[in-house]
Amino acid sequence: MQTMRAPAASGAATRVAGRRVFRPMAATKLAAGVTTDMSKRTIPAKLEEGEMPLNTYSNKAPFKAKVKSVEKITGPKATGETCHIIIETEGKIPFWEGQSYGVIPPGTKINSKGKEVPHGTRLYSIASSRYGDVFDGNTASLCVRRAVYVDPETGKEDPAKKGLCSNFLCDAAPGTEIMMTGPTGKVLLLPADQNAPLIMVATGTGIAPFRSFWRRCFLENVPGYKFTGLFWLFMGVANSDAKLYDEELQAIAKAYPSQFRLDYALSREQKNRKGGKMYIQDKVEEYADEVFDLLNNGGHMYFCGLKGMMPGIQEMLERVAKEKGLNYEEWVENLKHKNQWHVEVY
Ligand code: FAD
């Protein structure tokens, strides 16, 4: 008789009526909208038609949407808290992958002239494709990090100075009304060439627009769009608990091993070649030859995340370019000229 042995870490053996029975542990619960189902979904292709939408809604005439769900997607040891937020749009504020929405937090403030005015708009990269997390075009998702203020003297969080809009979004109950503007942005769009290699460098919530890309490239059956290139994501976060959408990424990596690459830089867990903290530029540098080759052959390079990521990356690229006998400024200018260089940092 064959005996079935359960993997030690994924369940527990127990006795039922004297027999040893394996009881599998519940699988890790995925946040709403996050999927490991790699089948290509049918989508309402009418959203492929027409020009790219831009600033359909403004501060003076915003779109009223409703929050469908808010889920924390970072683990307990992450530095900070990030939420995946699904918004019911009923398909009335269409957008293209790589664009952002504006959100106007509720309430008012007193401006510099002493006048009571609505709060200003905050931008958020859209983290789903134009078809939304359930592929019907009726929702859009955001990936929002709660902005907190840590008092430099006490080292403690001061709730009175917490970020207004990010906390409003991360605390929103389903059904909460939100005022939205946009869509905006044309810097991080996918190239028309469906075979062009895509190299994406993200830190933290900078992953949001790239999620919209990977869902379009790998999860949707889009008439007239079949991605055949290489999809390479470099993702920088502090530690494993701060990874975002990792389940979805691992499932794609497994399903498309020759077309999809994922490299993490976990600054507080990994060491770079010199023994220091592994920052995103250190991880990209490990593959600098391949990255330069891909870019010299029509690849597109995207950067998204906090502004602070760029100086380190630029320094590294400049050094590598020099080693290769290239003039860095000319090399980047040429990529920009050919629309292969896309930067959106905040
Ligand atoms: P605010 O209320 O605007 O406060 C800003 C900061 O000031 C906070 O850190 C707050 O703690 C601090 N602060 C408040 N009061 C004080 C005080 N009295 N003294 C000192 N400090 C104080 N963010 C995301 O999370 N996800 C995204 O996908 C994303 N995409 C973006 C895309 C673009 C193109 C841009 C430009 C920005 C993007 N952002 C994104 C950032 C986002 O727009 C907001 O800037 C961010 O959420 C903070 O807004 P807030 O209203 O929460 O904070």
Give the percent of DSSP beta bridges with both residues in the range 198-345 that are antiparallel, rounded to the nearest 5. 10
With n ≥ 4 as the cut-off for DSSP H runs, can you work out [θ] at 222 nm for the chain, using -39500 (n - 2.57) per run divided by the number of residues, rounded to the nearest 500? -5500 deg cm²/dmol
Given the Cα-Cα distance of Asp293 and Asp151 and 0.36 nm per residue of separation, how much length would full extension add, in nm? 46.6 nm
So the label point goes 7 Å from the Cα of Val187 along Cα→C-beta, right? Which residues of the range 135-152 then have their backbone N under 19 Å from it? 143-145
5 Å is the cut-off here: which amide hydrogens, built 1.01 Å from N in the peptide plane, fall below it relative to Val201, excluding neighbours closer than 5 in sequence? Phe234, Tyr302, Phe303, Cys304
Spin-label point model (7 Å from Cα, Cβ direction): what's the Met52 to Asp263 distance in nm? 2.7
What net charge is computed for the residues neighbouring Thr36, neighbours being all others with C-beta under 15 Å from the C-beta of Thr36, Lys and Arg scored +1, Asp and Glu -1? +2
Using a simple spin-label model with points 7 Å from Cα along the Cα→Cβ vector, what separation in nm is obtained for Val117 and Lys336? 3.1
Where the chain is the region considered: accessible area per residue in Å², 1.4 Å probe: 53
Considering only protein heavy atoms and a probe of 1.4 Å, how much of the accessible area of the chain is carbon and sulfur, as a whole percent? 51
Scattering curve values for the chain, log₁₀ I(q)/I(0), Debye with Cα scatterers, q = 0.07, 0.09 Å⁻¹: -0.34, -0.55
For the pair Lys72 and Val345, how long in nm is the line joining their label points, each one 7 Å along Cα→Cβ? 2.9
What FRET efficiency comes out for Asp158 versus Val134 if R0 is 45 angstrom and r is the Cβ-Cβ distance? Round to the nearest 0.05. 0.70
Sequence gap at least 6, Cα distance under 8 Å: using those rules, report the relative contact order of the range 179-329 to the nearest whole percent. 28
What is the distance in Å between the Cα centres of the range 300-346 and the range 41-94? 29
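The values are calculated or read from the model by the stated rules, or taken from the named source; none is laboratory data. None of these values were measured; they are calculated from a predicted model. Virtual Cβ from ideal backbone geometry, glycine too; neighbours counted across all protein chains shown. Ligands, DNA and RNA are excluded from the accessible area calculation, which covers all protein heavy atoms including side chains. Shrake-Rupley method; radii C 1.70, N 1.55, O 1.52, S 1.80 Å.
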